[in-house]
1. Those residues that are hydrophobic (A, V, I, L, M, F, W, C) and either at pLDDT below 95 or more than 8 Å from the ligand (Cβ to nearest atom) (or both), I need them from the range 210-225; list them, please.
2. Taking the condition in contact (Cβ under 8 Å) with a residue 40 or more places away in the chain, assigned by TED's automatic domain parsing to the domain that holds Lys302 and not in a helix (DSSP H, G or I), does Met370 pass?
3. Do you know which residues across the range 249-273 are in contact with a Leu (Cβ under 9 Å, 6 or more places away or on another chain), closer than 18 Å to Ser38 by Cβ and of a type in the set (Val, Ile, Thr)?
4. Can you name every residue in the range 142-188 that is farther than 22 Å from Gly303 by Cβ, within 16 Å of the ligand (Cβ to nearest atom) and either of a type in the set (S, T, N, Q) or assigned to a loop (DSSP other than H, G, I, E, B) (or both)?
5. Restricting the search to the range 79-99, which residues are in contact with a Phe, Trp or Tyr (Cβ under 8 Å, 6 or more places away or on another chain) and either near the ligand (Cβ under 10 Å from one of its atoms) or closer than 12 Å to Asp187 by Cα (or both)?
6. I need the full set of residues from the range 130-140 which are in a loop (DSSP other than H, G, I, E, B) and either at positive phi or surrounded by fewer than 18 Cβ atoms within 10 Å (Cβ to Cβ) (or both), in order please.
7. Tell me the residue from Glu200, Glu191 that is touching a strand residue (DSSP E or B) at 6+ places or on another chain (Cβ under 7 Å) and over 24 Å from Met102 (Cβ atoms), please.
8. Name the single residue that is farthest from Thr317 (Cα to Cα) among those in the range 189-207 being in a loop (DSSP other than H, G, I, E, B) and more than 16 Å from the ligand (Cβ to nearest atom).
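The values are calculated or read from the model by the stated rules, or taken from the named source; none is laboratory data. Since the model is a prediction, treat every value here as computed from it, not as a measurement. So basically every Cβ, Gly included, is an ideal-geometry build from the backbone, and we count neighbours across all protein chains shown.
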Amino acid sequence: MDLGPGRGKQGLPQENTMPRVFNFSAGPAMLPTEVLESSAKALLDYQGKGFGIAECSHRGKEFDGVVDEAIARCKALLGVGDSHDVLFLQGGASAMFSLIPMNFAAGKPVDYLATGEWGKKAVSCAKEVGAKVNVVATSEASNFNHTPAQAGWKLTPDAGYLHVCSNETVHGHRLVELPRHDTLIVDASSEFMARPHPMERIGLIYGGAQKNLGPSGLVLAVVRKDLYARIPEKGLPKLFNFKAQAEAKSMINTPPTFGIYILLEVFRWLEKQGGLAKMEALNAAKAKLIYDAIDGSGGWYKGTVAEAAQRSHMNVTFTLPSEEKTDAFVKEAAKQGMVALKGYRTVGGIRASIYNAMPLAGCQALAQFMKDFQARNG
Ligand SMILES: Cc1ncc(COP(=O)(O)O)c(C=O)c1O
């Protein structure tokens with residue numbers, strides 16, 4: 001496969017001859033090459049100890065150091081202090097859909113924004129565990145192609161919390177600004193640490209790691225401690241109790257140790273990039289390249305999001321004039337080292353996921369390919 005000048009190994013060690021493609025997967029997604037290198041080294045031998053980081057006890061000093069550093073770096077990146085706990089959980093973001101009402105609904109009605117597949121799934125999981133769910137707004141009638149204006153949301157006055165998905169991965173739109181609420185809960189799975197998060201407004205923010213943060217199987221959750229007062233005293237297994245997990249540094253049982261190590265390497269990498277504000281600016285510039293290619297195509301490529309201001313900086317979704325052209329686009333792009341561009345089945349077309357680890361060059365290459373492909377097929 002010819003990946004062109006300046007691409008291919010992307011800094012991998014000499015003995016590694018596998019080319020690195022631009023991987024537009026929605027998740028699990030690409031990770032920074034530096035993170036893969038340092039994690040691979042630690043997997044083989046951790047700090048010269050003769051064992052790898054996945055081969056030592058989670059109760060030992062090596063892994064304890066990893067957890068402490070990961071918590072500290074996570075807090076520093078988000079700009080939070082003692083008011084919040086950092087949890088490393090399992091079961092994917094989907095498990096959180098059930099655990100959140102189990103921990104925090106406290107018998108009150110709870111409000112949900114349902115403007116995409118993930119917001120909708122969060123609603124059904126909350127109902128499954130008996131929560132009294134009120135949907136404040138939805139766009140299901142238009143295949144979730146936007147978020148209705150906040151002024152029209154039907155909020156419950158004494159709701160236990162408001163749950164929102166800040167970036168709808170499937171449909172490619174985001175909440176440009178988070179709403180204000182006493183208890184705001186944010187599923188940030190597909191944009192966690194891709195922008196600064198207004199933590200002073202957030203009660204709980206969480207996400208599956210497999211998009212911006214690390215491997216699947218690990219959930220990062222950052223919770224404001226005052227919410228623990230709502231946790232039921234009886235009936236909630238300890239493993240699922242957020243306060244108990246915080247007290248045990250997420251080690252009530254064996255945590256996904258290697259996943260947490262990779263997450264720590266991602267935190268170190270994010271700091272080296274200049275932090276979350278820097279990532280936000282870079283991600284906006286990356287997304288603009290592709291949106292400009294859509295907008296400059298004279299309607300040949302069509303964005304799937306109804307309101308341009310809400311277009312995601314993480315998942316860029318668009319369609320081509322026909323199924324055949326879409327298939328050809330995906331196949332030809334793959335031949336040029338740009339993979340996993342096929343859109344989600346309910347939206348169709350193309351979805352280019354461009355999380356933190358996607359370099360600017362990947363978006364430049366895709367935008368150029370879009371122009372070339374149109375010129376040949378338009
Ligand atoms: C916004 C959002 N929430 C939740 C999930 C579910 O995550 P998991 O597969 O880790 O349960 C996803 C997965 O893509 C997602 O994009």
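1. Once the filter is applied, which keeps residues that are hydrophobic (A, V, I, L, M, F, W, C) and either at pLDDT below 95 or more than 8 Å from the ligand (Cβ to nearest atom) (or both), the range 210-225 yields Leu213, Leu218, Leu220, Ala221, Val222, Val223.
2. Considered against the rule, which asks whether it is in contact (Cβ under 8 Å) with a residue 40 or more places away in the chain, assigned by TED's automatic domain parsing to the domain that holds Lys302 and not in a helix (DSSP H, G or I), Met370 comes out as no.
3. Scanning the range 249-273 gives Ile260, Ile262, Val266.
4. Within the range 142-188, Leu178, Ala188 qualify.
5. If the condition is that a residue be in contact with a Phe, Trp or Tyr (Cβ under 8 Å, 6 or more places away or on another chain) and either near the ligand (Cβ under 10 Å from one of its atoms) or closer than 12 Å to Asp187 by Cα (or both), then Ala93, Met96 are the ones that fit.
6. Matches in the range 130-140: Gly130 only.
7. Details: Glu200 fails: touching a strand residue (DSSP E or B) at 6+ places or on another chain (Cβ under 7 Å).
Going through Glu200, Glu191 in turn, just one is touching a strand residue (DSSP E or B) at 6+ places or on another chain (Cβ under 7 Å) and over 24 Å from Met102 (Cβ atoms): Glu191.
8. Applying the filter and picking the extreme gives Gly203.
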